[in-house]
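To start, the structure itself, in structure tokens.
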């Protein structure tokens, strides 16, 4: 039985329910969002969460960028969740689980200070081999209430910049992956490629994400 981290919808969106990507700003600060997630979240059985739109399952969703190219993946039939088979994605992410809240300190369990960061690292390490200096840039929230799956999830969008590095998938039997130029992503989208909904929304706004400051390393 899987337990996933959820936050009551009104605690994340107290005034309105956005559709698509909402960048962090003075009106929606990263600190206020993170504080609300930490203060109001709790774990429930995933089966219950999947049928309860009043709760939002929190998903760290990370775009990996190296030398101006973006990691593009496709889930293969052996790759777990059936509803993702064959879909293209530029986001690496997954549910927050209890393991992300509990760490080890001198063989004793302790609550981690930042379970969102723990989940992000766990998901990246499960999916990819990463090389090079890294910098993680928080971007905003992504929300899609147009379908039953999106209605019960909210994404914390981040960009992981790799400096003079590379990324490749770990388990090639369950996941395909390659670094792709933004113009190729735009062409795939225009041609009707089968992107995940969140990834489609992010490809449409890649021009806002890729000019973000890159790691300053020699």
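A compact table of results
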| quantity | calculated |
| --- | --- |
| Looking only at the range 185-201, and only at residues there that are in contact (Cβ under 8 Å) with a residue 12 or more places away in the chain and assigned to a helix (DSSP H, G or I), the one that is surrounded by the fewest Cβ atoms within 10 Å (Cβ to Cβ) | 186 |
| Qualifying residue in the range 74-86 (condition: touching a strand residue (DSSP E or B) at 6+ places or on another chain (Cβ under 6 Å), surrounded by 21 or more Cβ atoms within 10 Å (Cβ to Cβ), at pLDDT 90 or above and on the phi < 0 side of the Ramachandran plot) | no |
| Matching residues, the range 25-39, being closer than 20 Å to residue 153 by Cβ and assigned to a loop (DSSP other than H, G, I, E, B) | 28 |
| Matching entry among 138, 148 (being out of contact with any strand residue (DSSP E or B) (no Cβ under 9 Å at 6 or more places or on another chain), at pLDDT 90 or above and within 26 Å of residue 20 (Cβ to Cβ)) | 148 |
| Conditions (1) surrounded by 15 or more Cβ atoms within 10 Å (Cβ to Cβ); (2) modelled with pLDDT of 95 or more; number of the one not met by residue 37 | (2) |
| Every residue from the range 116-147 that is without any contact (Cβ under 8 Å) to a residue 60 or more places away in the chain and farther than 20 Å from residue 36 by Cα | 121, 122, 125, 126, 127, 129, 131, 147 |
| Qualifying positions in the range 22-34 - closer than 22 Å to residue 151 by Cβ and either surrounded by fewer than 17 Cβ atoms within 10 Å (Cβ to Cβ) or in contact with a helix residue (DSSP H, G or I) (Cβ under 6 Å, 6 or more places away or on another chain) (or both) | 23, 28 |
| Criterion (out of contact with any helix residue (DSSP H, G or I) (no Cβ under 8 Å at 6 or more places or on another chain), surrounded by fewer than 17 Cβ atoms within 10 Å (Cβ to Cβ), under 30 Å from residue 183 (Cβ atoms) and modelled with pLDDT under 95) met by exactly one of 127, 131 | 131 |
| Failed item in (1) over 12 Å from the mean Cα position of the chain (by Cα); (2) surrounded by fewer than 18 Cβ atoms within 10 Å (Cβ to Cβ); (3) at pLDDT 75 or above; (4) not in a loop (DSSP other than H, G, I, E, B), with residue 103 passing the rest | (3) |
| Selected residue (only one of 69, 74, 87, 11 is closer than 26 Å to residue 161 by Cα and over 17 Å from the mean Cα position of the chain (by Cα)) | 69 |
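The values are calculated or read from the model by the stated rules, or taken from the named source; none is laboratory data. Being a predicted model, the structure only gives us computed values, none of them experimental. Neighbour counts are summed over all protein chains in view; Cβ atoms, including those assigned to glycine, are modelled from backbone coordinates with ideal geometry.
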